[in-house]
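Only one structure is covered here, and it is reproduced in the block below.
The values are calculated or read from the model by the stated rules, or taken from the named source; none is laboratory data. What you see is a predicted model, and the numbers here were worked out from it, not measured in a lab. Methodologically, a virtual Cβ is constructed for each residue, glycine included, from the backbone with ideal geometry; neighbour enumeration extends over all protein chains shown. The protein model used for the area step is the full one, side chains on, heavy atoms only, and it has no ligands, DNA or RNA in it. Shrake-Rupley method; radii C 1.70, N 1.55, O 1.52, S 1.80 Å.
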Amino acid sequence: MKKKIMAGLLATTMTFGTLTGCGSSSTSSSKTDNVEVETVEMAAANEVSGTEITFWHSMGGSVAKAMNELVDRFNEENEYGITVNAQYQGEYDDSLNKLKSAQIGNMGADLVQVYEIGTRFMIESGWTVPMQNMVDADNYDLSQIEPNLSAYYTIDDQLYSMPFNSSTPIMYYNKDIFDKAGITEIPDSLEELSEVGGQLMEKGGADQVISLGIYGWFFEQFISKQGLDYANNGNGREDIAIAVAFDENGAAENILSIWKELNDKGYAPNVGRGGDAGLADFSSGKSAITLGSTASLNQILQDVNGKFEVGTAYFPKISSSDEGGVSIGGASLWALNNNDPKKLRATWEFVKFLISPESQAFWNASTGYFPVTVAAHEEQVFKDNIAKYPQFETAIEQLHASSPEYAGALLSVFPEARSIVETEIEKTINGEQSVDEAVESMSSSINDAIEEYNLVNE
């Protein structure tokens, strides 16, 4: 199944010419199935003096300071006379909704930060210039980017957006509780956690075994850890997903069954919805374990404030025999096609600055997100941060231990799907429906949303 909206993006590979000499530019034009693809141009770097670009981002709160500092550094240090006007657009959903309402050809921004579950929508939108085009035009070496990060945003060997603030979820555990309980091996699965939960509560003194937030991202990770697909058509990567796969391959049933078991035993009470829902109970010492983003490490250590020793481990499997991996979260950078060669070049130069080893080492130390560039590990800032927060090594090791084949699903209606999943999980652990009923409700509701979206955009 191919949508008309995708004709200029997925069916065609656009190749830029080589940049040579003063005043040169790169262009792209091709024809596939008798459809003329719009020419895309990028000016040479020495042509962009005085160019201003607009960058929409969603980095608020404590990470806003780091984002603003990177923008200020670029504006002060870049040799091309480029100025970046960074604008905070609110949460990821707010930014994407504003983008949807903008006029095509005058998007209001030249570069936009979009969360990972917006990837399929952005590809299909027809609004973007794939990063692969700039990569090829500038002979940029993509091996500099962590392969498990770039894999998420790559389809048919085309990198559509540039990883920027990437994270994975990991397990955080209270070492003091585990020591009191006499448990020396950290459980690597929810199944194993169910077996030692009583020990953690009776001997370790935990009020809860795990404060597990009801979060769609965790559900997706549990599917990846099983080595199974969330959606059909190769997780929406071989072709557009037209249905979920987690109902037929047993992935959802496996997750909900063990989650309900942990809840029934009193090990995993309902702590609410969202990725941060379980953090407060863990930081206060109530729960022995919580799950959270790698980007939460600094905040957790700050909140614990030495009350106990915080350990980190890989995100748990469902069963210890599972052999899957984790996929990434966070967001990436998308270049918008405003038909302005100078703005496109300026956008690319800014992207290269943001993913440079120096910038990424600073970004990692300031925010807890992965450095997306491999060479950032050699920067002293990164080394100092690892020495200060050795728990972050777990995140790096987990990323490298996961195969790119577990990059995760691409789905046009992912935001809606996550909300559906969270609702059905909560109803299940609250005893309002059976596991089988929850799986059926999840799959049918998401499939209806997929079908409606595909019909509208056919």
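So the values come out like this:
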item: GLU416 vs. criteria more than 30 Å from GLY126 (Cβ to Cβ) and open to solvent by 30 Å² or more (accessible area, probe 1.4 Å); result: no
item: Residues being open to solvent by less than 60 Å² (accessible area, probe 1.4 Å) and either touching a Phe, Trp or Tyr at 6+ places or on another chain (Cβ under 8 Å) or closer than 17 Å to ALA245 by Cβ (or both) - total across segment 419-452; result: 18
item: Failed item in (1) within 30 Å of PHE353 (Cβ to Cβ); (2) surrounded by fewer than 20 Cβ atoms within 10 Å (Cβ to Cβ); (3) among the charged types (D, E, K, R), with GLU405 passing the rest; result: (1)
item: Long-range neighbours under 8 Å by Cβ, at least six apart or interchain, first residue of a type in the set (Lys, Arg) within segment 47-71, second in a helix (DSSP H, G or I); result: LYS65/SER366
item: TYR389, sole failed condition from (1) open to solvent by 10 Å² or more (accessible area, probe 1.4 Å); (2) out of contact with any Leu (no Cβ under 7 Å at 6 or more places or on another chain); (3) at pLDDT below 95; result: (2)
item: Number of positions in segment 326-376 that are assigned to a helix (DSSP H, G or I), over 19 Å from the mean Cα position of the chain (by Cα) and surrounded by fewer than 20 Cβ atoms within 10 Å (Cβ to Cβ); result: 6
item: Criterion: under 28 Å from VAL112 (Cα atoms) and in contact with a strand residue (DSSP E or B) (Cβ under 8 Å, 6 or more places away or on another chain) - qualifying residue of SER327, SER320, SER293; result: SER293
